[in-house]
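Visitor: Got a structure for you, written out below as structure tokens; questions coming shortly.
The values are calculated or read from the model by the stated rules, or taken from the named source; none is laboratory data. The shown structure was predicted, so the numbers you read here are calculated from the model rather than taken from an experiment. Cβ: placed from backbone, ideal geometry, glycine included. Neighbour counts: every protein chain shown.
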Amino acid sequence: MLNNSKWISYPTNEKFTCPVLKKVFQACGEIKKATIEMTSLGCYFATLGGERIGDFILAPGFTSSKRTQVQKYDITNLIKEENELRVTLSEGWFKGRINWRNNQDRPNIYPALICEIKLEYKDGRVEYIYSDENWEVALSKITFADIYDGEHYDANYEEKFIPVKVQDYDRDRLVKQQGEKIIEQETIKPHRIFKTPKGETVIDFNQNLTGYFEISLDAKKGDRVKLSVAEVLDKDGNIYTENYRTAKAEFIYTAKDGYQTYKPKLTFYGFRYIRVDEFPGEIAADNIKAIVVHSDIKRTGYLNSSSPLLNKLFSNIIWGQKGNFLDIPTDCPQRDERMGWTGDAQVFVKTASYNYDVEKFFEKWLTDLRLDQAPSGYVPSVIPQVWGDDWSGCGWGDASTICPYQIYLTYGNRDILKKQFKSMCGYLKYIGSKSTTKYLWTGCEHFADWLGLDAPAGSYKGSSRDDFLASAYYYYSTDIVCKTGKIIGKNVEKYERLRENILNKIRKTYKEYKTQTECVIALHFGIATDKKAVSKQLADMIKANGTRLQTGFLGTPYLLHALSSNGYTELAYNLLLQENYPSWLYSVKQGATTIWEHWDGVNDKGEFWSKDMNSFNHYAYGSVADWVYGVACGINTVEDKPGFEEVVIAPNPTKKLSWLSAKIETRKGTASSAWYKEGDKFRYEITTPTNATVIIDGKEYKVEKGSYVF
């Protein structure tokens, strides 16, 4: 791939600058078709004749350091007789502050470009133009760009071109584009512009989002625009940025004379508010708009209800996914993190795959997981691996089994199981090699029930026992490996024996459960032998806590499932509809427009949970939506008929709502389920794209493709 092209870059490492590489060429005849293949170490954007090539934002995307994706663009309509190609680079994900590991391991590799232009003439001739020593390079008008810290642009900067430097960088790392491109999705106008008690001018877009902004202004040469972003206001109504930690997340623009517009090209921000630190004159709504950016994934799932608060929660879940599905499933889009946390991804993958078509998105990310997995089998806690961790925590490393299996269930994708099976088995081998007790997972470090509300003082981890949770996940992942192996025709007898031994050992070792999360995991993973007693224990714990949860990252995704599967559906609804802290609707009542990292990111006194780890756009707890799709509205694919080849629709209504509806655009067509309270009865409106089993009040109906009313 790109075998005749060379890596080219700026001659020296100018830290925190963005080089622009230039090639002037002629088209010698009428063009039939013109294409360009290109990629970079670091992010890039390219123009031909002043027009942007393609719509891929922050290309070539965020991947394992072992590979770089190559993009191909059709540039036929941009070709003129005389052409100037310009490609601007930044350190981006490859070399910026976000990539701690690459900066340590590869200190002498700098942002570079490799590309090939193919000109096909109408007379049959084909001409190639390669990146080589005949290009020129200058430091660009983008004087600074970093994923965490934002972008600076000087419209007056004079670019001084010099010959490029050819770099002897690895070409074997090049692969075809696998993931979804990142694109601009929508624009949002300012909701209001106001003065804070400190006298600062602030723009409110009324939605926490991921992306950037476009400014338009009439200015004089040398005028400056400086903007800072924030997710929330403090209790006094001033901008609050401490939760961004060291991420500057700023924008500085030095103007030229006249009317001008500009938007960042090589960074993104997570924000609802913009503080105007500098602007020539008074800023008005016409001077700025927000641009929402995320991976090019298609919306497929829709939830709606009679409750405005619940509908806002559904909206917040969608915005949380949009804000964090930016090439990888990030934990958050704003602070100095923005990592592909495996734990967040695995708890949300089912909801993600119902809300949006994320098959291609997860195929790419799981490829990086496979590449970054160590020979020992350990799975880094963030993918791509840009930190120096060397251990797998339960519920985090299990993304290696849970995510591919869910993508298989939602889309019927057997290939992803084939590609990831070795990785799955390697992860089980790692657990067995690290555990201090045979057939359990003990003696290791874990995040465990991260941010559980029953955490001891001074701890981020809930009180659920690490060894129990780890052993439970060991069993759960082994079960997935057994199922996967059978699906793809592998001999899994040894894993079936392992699964049986793990289950027996867990049941002998852990005969009681001490927290809400331990009860949830024991029930949902099929570990509890007396489900009736354990589900009653869980229900009693919840009721004793004022019908409120205490679960964290591992317990919350399965909490409502554990209740509804064991006769406590109404209690599950009570938790879903609970408005007091801690609950899903508490943040909604506090004005949230996305999902929070903490149940009490801001408490009812306006106080913040912490300075160091308090994201207000963190999608993990939005995993509750899969319960609404699959239990409340009852839309489910059949495990041995994946991809909704067959459907089971078994709604579970409540009189606490007047109506509830769900719709999923599956690979087979639309599946929808809605129910309406009519006096003491319920009306059910159901559509299935394939043969289905509909279960109403325990009675089964076998139906063919079509729409039905019960």
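Visitor: Given the criterion modelled with pLDDT of 95 or more and at positive phi, identify the matching residue among GLY150, GLY179.
Guide: GLY150
Visitor: Same structure again: Restricting to segment 427-448, what's the tally of residues that are surrounded by 19 or more Cβ atoms within 10 Å (Cβ to Cβ) and part of a helix (DSSP H, G or I)?
Guide: Of the residues in segment 427-448, 4 are surrounded by 19 or more Cβ atoms within 10 Å (Cβ to Cβ) and part of a helix (DSSP H, G or I).
Quick grid of which residues meet (1) buried (at least 24 other Cβ atoms within 10 Å of the Cβ); (2) acidic (Asp, Glu); (3) closer than 25 Å to TYR629 by Cα; (4) not assigned by TED's automatic domain parsing to the domain that holds LEU409:
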{"residue": "MET339", "(1), (2), (3), (4)": "no, no, no, no"}
{"residue": "GLN346", "(1), (2), (3), (4)": "yes, no, yes, no"}
{"residue": "LYS350", "(1), (2), (3), (4)": "no, no, yes, no"}
{"residue": "ASN355", "(1), (2), (3), (4)": "yes, no, yes, no"}
{"residue": "GLU359", "(1), (2), (3), (4)": "no, yes, yes, no"}
{"residue": "GLU363", "(1), (2), (3), (4)": "no, yes, yes, no"}
{"residue": "SER376", "(1), (2), (3), (4)": "no, no, no, no"}
{"residue": "SER381", "(1), (2), (3), (4)": "no, no, no, no"}
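Visitor: Filter segment 364-402 down to residues that are of a type in the set (Asp, Glu), within 17 Å of ASP344 (Cβ to Cβ) and modelled with pLDDT under 95, then give me how many there are.
Guide: Total satisfying the criteria: 1.
Visitor: Would you point out which residue out of TYR427, TYR405, TYR411, TYR439 is farther than 29 Å from ALA528 by Cβ and modelled with pLDDT of 95 or more?
Guide: None of the other options fit; the residue is TYR411.
Visitor: Another question about this same structure. Report yes if some residue within segment 407-423 is assigned to a helix (DSSP H, G or I), of a type in the set (Gly, Ala, Ser) and in contact with a Lys or Arg (Cβ under 9 Å, 6 or more places away or on another chain); otherwise report no.
Guide: Yes, the conditions are met somewhere in segment 407-423.
Visitor: Let me ask you something else. Please go through (1) of a type in the set (Asp, Glu); (2) more than 30 Å from ARG335 (Cβ to Cβ); (3) touching a residue at least 12 places away in the same chain (Cβ under 8 Å) for ASP105 and return the number of the only condition it doesn't satisfy.
Guide: Single failed check for ASP105: (2).
Visitor: Right, here's the next one. Taking the condition crowded, with 18+ Cβ neighbours inside 10 Å, small (Gly, Ala, Ser), out of contact with any Leu (no Cβ under 8 Å at 6 or more places or on another chain) and not in a loop (DSSP other than H, G, I, E, B), does ALA620 pass?
Guide: yes
Visitor: Another one. Name the residue, out of GLU445, GLU500, that is under 22 Å from PRO375 (Cα atoms) and acidic (Asp, Glu).
Guide: Only one candidate passes the filter, namely GLU445.
Visitor: Of the residues that sit in segment 158-203 and are loosely packed, with under 15 Cβ neighbours inside 10 Å and touching a Leu at 6+ places or on another chain (Cβ under 8 Å), which one is farthest from ASP218 (Cα to Cα)?
Guide: ARG171
Visitor: Does segment 667-687 hold any residues that are over 24 Å from LYS312 (Cα atoms), under 27 Å from the mean Cα position of the chain (by Cα) and crowded, with 16+ Cβ neighbours inside 10 Å, and which are they?
Guide: Once the filter is applied, which keeps residues that are over 24 Å from LYS312 (Cα atoms), under 27 Å from the mean Cα position of the chain (by Cα) and crowded, with 16+ Cβ neighbours inside 10 Å, segment 667-687 yields ARG667, LYS668.
Visitor: Tell me, yes or no, whether segment 341-357 has at least one residue that is within 26 Å of THR551 (Cβ to Cβ) and without any contact (Cβ under 8 Å) to a residue 12 or more places away in the chain.
Guide: No, because not a single residue in segment 341-357 is within 26 Å of THR551 (Cβ to Cβ) and without any contact (Cβ under 8 Å) to a residue 12 or more places away in the chain.
Visitor: Right, here's the next one. Quick check on GLY96: is it of a type in the set (Gly, Ala, Ser) and modelled with pLDDT under 95?
Guide: So GLY96 fits the description; yes.
Visitor: Does VAL386 fit the bill of being touching a residue at least 40 places away in the same chain (Cβ under 8 Å), part of a loop (DSSP other than H, G, I, E, B), over 23 Å from LEU469 (Cβ atoms) and in contact with a Phe, Trp or Tyr (Cβ under 9 Å, 6 or more places away or on another chain)?
Guide: Numbers: touching a residue at least 40 places away in the same chain (Cβ under 8 Å): yes; part of a loop (DSSP other than H, G, I, E, B): yes; over 23 Å from LEU469 (Cβ atoms): yes; in contact with a Phe, Trp or Tyr (Cβ under 9 Å, 6 or more places away or on another chain): yes.
The answer is yes for VAL386.
Visitor: Moving to a separate point now. Under 6 Å between Cβ atoms, at least 6 apart or on separate chains: pull out the pairs that start in segment 675-695 with a residue that is free of Cβ contacts under 8 Å to residues at least 40 places away in the same chain and end on any residue that is surrounded by fewer than 19 Cβ atoms within 10 Å (Cβ to Cβ) and assigned to a loop (DSSP other than H, G, I, E, B).
Guide: Listed pairs, sorted by first residue: LYS677/SER658; TYR684/PHE710.
Visitor: State yes or no: is TYR411 closer than 28 Å to GLU518 by Cα, touching a residue at least 12 places away in the same chain (Cβ under 8 Å) and of a type outside the set (A, V, I, L, M, F, W, C)?
Guide: no
Visitor: Yes or no: SER306 in the same structural domain as THR593 (by TED's automatic domain parsing), at pLDDT 95 or above and more than 27 Å from the chain's Cα centre (by Cα)?
Guide: So SER306 passes the test.
Visitor: Here is a follow-up. Within segment 92-102, how many residues are without any contact (Cβ under 8 Å) to a residue 60 or more places away in the chain and either out of contact with any Pro (no Cβ under 9 Å at 6 or more places or on another chain) or not in a helix (DSSP H, G or I) (or both)?
Guide: 1
Visitor: Can you name the residue in segment 550-577 that is aromatic (Phe, Trp, Tyr) and in a loop (DSSP other than H, G, I, E, B) and is also nearest to SER307 (Cα to Cα) among such residues?
Guide: Among those residues, the one meeting the criterion is TYR568.
Residue-wise test of (1) at pLDDT 95 or above; (2) crowded, with 20+ Cβ neighbours inside 10 Å; (3) in contact with a strand residue (DSSP E or B) (Cβ under 9 Å, 6 or more places away or on another chain); (4) not aliphatic (A, V, I, L, M).
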site	(1), (2), (3), (4)
ALA219	yes, yes, yes, no
VAL225	yes, yes, yes, no
ASN238	yes, no, yes, yes
LYS256	yes, no, yes, yes
TYR269	yes, yes, yes, yes
ARG272	yes, yes, yes, yes
VAL276	yes, no, yes, no
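Every residue, every condition in (1) touching a Cys at 6+ places or on another chain (Cβ under 9 Å); (2) farther than 24 Å from TYR356 by Cα; (3) assigned by TED's automatic domain parsing to the domain that holds ASP680, yes or no:
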site: TRP584; (1), (2), (3): no, no, no
site: ASP604; (1), (2), (3): no, yes, no
site: GLY622; (1), (2), (3): no, no, no
site: TRP627; (1), (2), (3): no, no, no
site: ASN652; (1), (2), (3): yes, no, yes
site: THR666; (1), (2), (3): no, no, yes
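Visitor: Just give me the residues in segment 328-345 being out of contact with any helix residue (DSSP H, G or I) (no Cβ under 8 Å at 6 or more places or on another chain) and either of a type in the set (Phe, Trp, Tyr) or over 13 Å from VAL386 (Cα atoms) (or both), in sequence order.
Guide: The first filter runs over segment 328-345 and keeps only residues out of contact with any helix residue (DSSP H, G or I) (no Cβ under 8 Å at 6 or more places or on another chain), leaving 337-339, 341.
TRP341 - this is the single residue of segment 328-345 that is out of contact with any helix residue (DSSP H, G or I) (no Cβ under 8 Å at 6 or more places or on another chain) and either of a type in the set (Phe, Trp, Tyr) or over 13 Å from VAL386 (Cα atoms) (or both).
Visitor: Test of understanding: among GLU120, GLU133, which residue is of a type in the set (Asp, Glu), out of contact with any Asp or Glu (no Cβ under 7 Å at 6 or more places or on another chain), in contact (Cβ under 8 Å) with a residue 12 or more places away in the chain and part of a loop (DSSP other than H, G, I, E, B)?
Guide: None of the other options fit; the residue is GLU133.
Visitor: Could I ask something else about it? Within segment 636-669, restricting attention to residues that are assigned to a strand (DSSP E or B), among the hydrophobic types (A, V, I, L, M, F, W, C) and touching a residue at least 40 places away in the same chain (Cβ under 8 Å), which residue is nearest to GLU704 (Cα to Cα)? So that I can check it myself, show each step before the final result.
Guide: Within segment 636-669, the first condition is being assigned to a strand (DSSP E or B), and the residues that meet it are 636-638, 641, 647-649, 659-666, 669.
Okay, now just the ones that are also among the hydrophobic types (A, V, I, L, M, F, W, C), so 638, 647-649, 659-660, 662, 664.
Pick out the ones that are also touching a residue at least 40 places away in the same chain (Cβ under 8 Å) and you get 647-649, 659-660, 662, 664.
On the way: VAL647: 10, VAL648: 12, ILE649: 12, TRP659: 25, LEU660: 23, ALA662: 19, ILE664: 17 Å.
Within segment 636-669, the match that is nearest to GLU704 (Cα to Cα) is VAL647.
Visitor: Looking only at segment 136-178, which residues are within 26 Å of VAL225 (Cα to Cα) and in a loop (DSSP other than H, G, I, E, B)?
Guide: Within segment 136-178, SER140, LYS141, ILE147, TYR148, ASP149, ALA155, ASN156, TYR157, GLU158, GLU159, LYS160 qualify.
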